[in-house]
Amino acid sequence: MELPEGFTTYTRKMLGDALYERFAEGMAMPSPVSIRLNPLKCDGREVNPSFAPREVPWCRGGYYLNDRPGFTFDPLLHAGAYYVQDASSMFIDEILRQQVDRPVRMLDLCAAPGGKSTAALSALPRGSLLFSNEPIPLRAQILSENIQKYGHPDVVVTNNYPQDYQRSGLTFDVILTDVPCSGEGMFRKDEGAVAEWSVQHVDQCHRLQRDIVLAAWECLRPGGMLIYSTCTLNTKENEDQVVWMVETLGALPTAIDIDARWGIIGSLSDTCPYPVYRFIPGIARGEGQFMAVLRKEGEIQPQSTKTRKSKSAKGKSQKCPDAATATISSWLTDGSRYDLQQTDNAITAIPKAWDVFSGDLSALRILHRGVRMALIKGRDVIPQHGLALSAALHRESFTTVDVGQEAAIAYLRKESILLPPSTPRGYILLTFHDQPLGFVKNIGNRSNNLYPQEWKIKSTHIPENPNEILIKQ
């Protein structure tokens, strides 16, 4: 790989000759392959030993694989049983487990495609609420898809700029700013990042990062925690930003306990004496990543659990009609925990414990929240795909048909599925290895595939030997 001369000159000076040689050797090696299991869906499953898995030491449920299997053709990936993620990014798990010991309201401000958000959902204490946001519309749709596949009900997905949150009046105990950056830590994995790199791009990112942090800081509650993250290597976008936050915002740097064997290194700038966490290819086993944890001065106060009247989100919501409430509530494992709300013809289950109405939600473009339950079409109540993938699903409410690999892939391609002759008519929950995939409607002579059109597998390739990445213990 040919790296930009300006980058290599700067990076060698920053790292020193010894570390730079280790970095150069790492860049010449293939990127490590790693996955993170979803604790909501992996009870009784483990990584197939044939992939020689090794645990990611700073993330519960994180594993390195010895090679890259055909993830696209594994139905359990589409069912949300695991997430493919760079191991360095999984360090968010260690940060949250060390620093958060009570339910919190958290904002992931630049979240697509969803790796750190789903990792946060696994690490946060029960009762926490996550706002997962992405400013770019197309990326926000991908984020919404991945969040729904993960199946956690306590999430709101939005498509907004940081300044929209600043205007909303919503405040958070934890904010993750995984800011846009020059992408130097992804050079091994993404040739496009190499082509886009320039000194001017670094400067542009430096300015944008400060704008994002300023907006985020306004939304952070006193005593709250801001996690600053990039996937780049230079000190201008990393250590210099931490120093600026300390000197300008009064941010309080916070240390995370790490094991020296992990290969994580600290500050590479003489002007930044604060605890920071660098993952460098060839030194730590993963791509390039930088994280720092900073606290806002003040006393930590618990978030109110009471809902207060405020301006509502865009789109008119109303209470679900009584005629449909009993049926739809029975589709949840604990229907009494949720309020059912109707927006146009869509029914959504919202956990009653949420206190998100203490701000102005009209400033936010909400793509997903809670559990997508049903669409009302005339007298028909159609269960939605988000319900099938949700951990809140009460499976006994539906007839279930477990399908094999070929039928599962056909379903994920949105093709017609042949059901056993004894299958009753109506809405049927398809599973693969006992993991919910989604719904079909059996109309007797055939079934209608209800898999979301925009999520379907577009490849027509049929793998000869499909990989079983997860197996039952």
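One table, with the values for the structure above:
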quantity	calculated
Structure-based [θ]222 nm, the chain - -39500 (n - 2.57) summed over DSSP H runs of at least 4, per residue, nearest 500	-8000 deg cm²/dmol
Residues Asp380 and Asn465, FRET efficiency given R0 of 56 Å [Cβ-Cβ distance, rounded to 0.05]	0.85
Equivalent ellipsoid semi-axes - Cα gyration tensor, the range 159-207, angstrom	29, 13, 9
Rounded to the nearest 20 debye, dipole of the range 321-458 from Cβ charges on Lys, Arg, Asp, Glu	420 debye
The chain: radius of gyration over Cα atoms, expressed as a fraction of 2.2 N^0.38 Å	1.01
Accessible area (Å², per residue) of the chain, counting only protein heavy atoms and a probe of 1.4 Å	44 Å²
Sulfur and carbon atoms: percent of accessible area, the chain [1.4 Å]	49 percent
Phi-based couplings in Hz for the range 177-182 (Karplus 6.51, -1.76, 1.60; Gly and Pro marked x)	10, 8, 6, x, 8, 6
Range of Cα positions in the range 377-452 per principal axis (Å), largest first	33, 30, 23
Separation of alpha-carbon centers, the range 246-298 and the range 76-127, rounded to whole Å	18 Å
Alpha-carbon centroid distance for the pair the range 200-218 / the range 376-438, whole angstrom	45 Å
Debye log10 I(q)/I(0) for the range 206-265, one point scatterer per Cα, at q = 0.24, 0.25, 0.30 Å⁻¹	-1.14, -1.19, -1.43
Alpha-carbon centroids, the range 1-32 and the range 160-195: separation in whole Å	24 Å
Positive-end extreme of charge dipole, the chain - chosen from Leu129, Ala324, Gly185 (charges on Cβ)	Ala324
Gyration tensor (alpha-carbon) shape descriptor, the range 105-264, a/c threshold 1.5	rounded
Lysine pairs with alpha-carbon atoms under 18 Å apart, the range 327-473, spacing 8 or more or separate chains	5
Charge dipole (debye, nearest 20) of the range 149-250; +1 at Cβ of Lys and Arg, -1 at Cβ of Asp and Glu	200 debye
Charge dipole magnitude, Cβ of K and R +1, D and E -1 - the chain, Cα centre, debye nearest 20	1860 debye
Cα shape, the range 40-154, gyration tensor, a/c 1.5 rule	oblate
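The values are calculated or read from the model by the stated rules, or taken from the named source; none is laboratory data. Note that this is a predicted model, so its numbers are computed, not measured. Positions of Cβ are backbone-derived with ideal geometry, glycine not excepted, and every protein chain shown enters the neighbour counts. Accessible surface is based on the protein model in full, side chains and every heavy atom, while ligands, DNA and RNA are left aside. Shrake-Rupley method; radii C 1.70, N 1.55, O 1.52, S 1.80 Å.
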